[in-house]
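Heads up, the thing below is written out as C-alpha cells.
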Amino acid sequence: MSRQWFVLGPELEAFEAEFATLCDVRHAIGVGNGLDVPRLALLAADVGHLKN
C-alpha cells in the first residue's frame, strides 16, 4: 500500500477479492474489528430479535 487511505477504498476491495480467492469463496468482507463479525453473521443468517 503506497497510500495511507485504505478504508472503504480500492485497496480494501482488492484485499477482499484476493482473500476470497485464497479462501475459495465467492465473497469476503473486511470488517473494522472482531465485534463486527458476529453481528454480520447474525444479519446474514437473518436472525433477529424474538425470531424463532
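The values are calculated or read from the model by the stated rules, or taken from the named source; none is laboratory data. For clarity, every value in this text was computed on a predicted model and none was experimentally measured. Note: ideal-geometry Cβ built from the backbone for every residue, glycine included; neighbour counts use all protein chains shown.
Checked against (1) at pLDDT 90 or above; (2) surrounded by 10 or more Cβ atoms within 10 Å (Cβ to Cβ); (3) of a type outside the set (S, T, Y); (4) not in a loop (DSSP other than H, G, I, E, B), A28 passes all but condition (4). Checking each residue in the stretch 4-25 for being assigned to a helix (DSSP H, G or I) and either acidic (D, E) or under 11 Å from the mean Cα position of the chain (by Cα) (or both) picks out E11, L12, E13, F15, E16, A17, E18, F19, A20.
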